[in-house]
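*Asks:* Quick one: the structure is below, questions incoming.
The values are calculated or read from the model by the stated rules, or taken from the named source; none is laboratory data. Note that the coordinates shown come from a computational prediction; the quantities given were computed from them, not determined experimentally. Counting neighbours? That spans all protein chains shown, and the Cβs are built from the backbone with ideal geometry, glycine included. Note: accessible area is taken over every heavy atom of the protein model, side chains too, but ligands, DNA and RNA are not part of it. Shrake-Rupley method; radii C 1.70, N 1.55, O 1.52, S 1.80 Å.
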Amino acid sequence: MLPTPIRAVYFDAVGTLIFPNPPASAVYAQVAGRHGRTIDPAAISPLLWQQFRIEDDLDRQFGWVTSEERERRRWRNIVSAVLPGSSDELFDELFQHFARPSAWVVPDDAARTLTELAAAGYWMGMASNYDRRLESVVQGSAALVSVRGWLVISSVVGVRKPGAGFFAAVVASAGCEPREILFVGDDVENDYEGATAAGLHAVLLDPKDKHPEVARRVRSLGELLL
Ligand SMILES: [Mg+2]
């Protein structure tokens with residue numbers, strides 16, 4: 001199905017296999033409302049992504065080193081950027097929301113691709129810059145059963161994507177050669193370039209055709225099976 005010598009397929013989590021549903025902006029607005037704060041849902045995403053990039057730049061300066069503490073701090077800073085002066089209670093409620101399997105959806109195309117790759121004998125994992133909340137999300141999702149045993153989480157590894165240390169952990173998890181692993185994700189730098197630099201095969205999930213410059217990309221995960 002996949003070109004030889006691929007034996008293992010590792011997927012990014014958010015934006016590749018799992019998507020927040022309802023969208024993060026709706027959740028932020030709803031939780032803010034419960035805490036007596038009003039915010040225009042349309043204002044949330046730009047603020048969230050702006051702070052996300054600031055946090056990313058900080059991590060880049062520190063060689064992509066991370067920890068559970070750092071990840072929690074990242075999200076605290078993001079929530080503070082979206083909702084200045086927000087209470088710890090508001091933050092905790094938001095943080096916990098995204099630890100629940102019910103907060104996420106696995107699109108049918110992703111679920112079907114995992115099932116077919118598993119049936120074809122590939123072993124699979126999930127490799128994410130999300131924190132240990134990913135563990136409870138994956139445990140509670142029937143569609144993700146085939147990746148459950150092989151989670152590589154940056155806060156556990158101690159290095160975020162696209163750091164080389166992260167991909168070394170992916171290779172160790174897979175127990176095969178880098179060139180025998182296909183890495184699939186939706187982020188050019190973190191997933192595609194990070195994996196390629198580490199000697200893995202990589203495919204970019206590019207559903208909106210935003211990156212024609214990338215050599216190997218698919219618009220849907222189902223295209224991996226063609
Ligand atoms: Mg992603």
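*Asks:* How large are Rg and Dmax for region 184-226 when only the alpha carbon atoms are used, in Å?
*Replies:* Gyration radius and largest Cα-Cα distance of region 184-226: 9.6, 26 Å.
*Asks:* While we're here: At what distance in nm do the modelled label points of Ala164 and Lys208 sit from each other, each positioned 7 Å from its Cα along Cα→Cβ?
*Replies:* 3.4
*Asks:* Based on the Cα coordinates of region 31-150, what is the per residue volume of their convex hull in Å³?
*Replies:* 131
*Asks:* Defining a contact as two alpha carbons under 8 Å apart and six or more residues distant in sequence, what relative contact order in percent does region 1-131 show?
*Replies:* 49
*Asks:* Could you work out the relative contact order of the chain, using alpha carbon pairs under 8 angstrom and six or more residues apart, expressed as a whole percent? Spell out each step's value before the answer.
*Replies:* Working: 363 pairs, mean separation 58.8, N = 226.
RCO, the chain: 26 percent.
*Asks:* How much of the calculated P(r) for region 24-100 lies past 14 Å, in percent of all Cα pairs?
*Replies:* Working: 1772 of 2926 pairs.
Pairs farther apart than 14 Å: 61 percent.
*Asks:* May I pose another question? Helix 88-97: angle to the longest alpha-carbon principal axis of the chain, degrees 0 to 90, nearest 10?
*Replies:* Result, in degrees: 30.
*Asks:* Same structure again: Accessible surface of Ile44 in the full protein assembly, 1.4 angstrom probe, to the nearest 10 Å²?
*Replies:* The accessible area of Ile44 comes to roughly 0 Å².
*Asks:* How do 31-40, 58-67 rank on mean C-beta neighbours within 10 Å, highest first?
*Replies:* Taking the mean over residues of other Cβ atoms within 10 Å, the ranking is 58-67, 31-40.
*Asks:* Moving on. Using amide H atoms built 1.01 Å from N in the peptide plane, name the residues 5+ places from Arg217, or on other chains, whose amide H lies under 5 Å from its own.
*Replies:* Result for Arg217 returns Leu204.
*Asks:* If contacts are Cα pairs under 8 angstrom and at least 6 residues apart, what is the relative contact order of region 24-100 in percent?
*Replies:* 34
*Asks:* Just from its helices, what would the mean residue ellipticity at 222 nm be for the chain, if runs of 4 or more DSSP H residues each count -39500 (n - 2.57) and the sum is divided by every residue, rounded to the nearest 500 deg cm²/dmol?
*Replies:* When only DSSP H runs of four or more count, the value is -12500 deg cm²/dmol.
*Asks:* Give me a comma-separated list of calculated 3J(HN,Hα) values for region 183-197, in order, Karplus coefficients 6.51, -1.76, 1.60 applied at θ = phi - 60°, integers in Hz, x for any Gly or Pro.
*Replies:* Computed from phi, the couplings for region 183-197 are 10, 10, x, 9, 10, 4, 6, 5, 9, 5, 6, x, 5, 4, 4 Hz.
*Asks:* Oh, and also: Which percent of Cα-Cα pairs in region 99-159 sits in each 5 Å bin, short to long?
*Replies:* 4, 19, 26, 26, 16, 8, 1
*Asks:* Report, by chain and number, residues whose modeled amide H sits under 5 Å from the one on Leu17, excluding near sequence neighbours (fewer than 5 apart, same chain).
*Replies:* none
*Asks:* Diagonalise the Cα gyration tensor of the chain and give the resulting equivalent ellipsoid semi-axes, square root of 5 times each eigenvalue, largest first, whole Å. Mind showing how you got there, number by number?
*Replies:* Values: eigenvalues 184, 71, 53 Å².
The answer is 30, 19, 16 Å, longest axis first.
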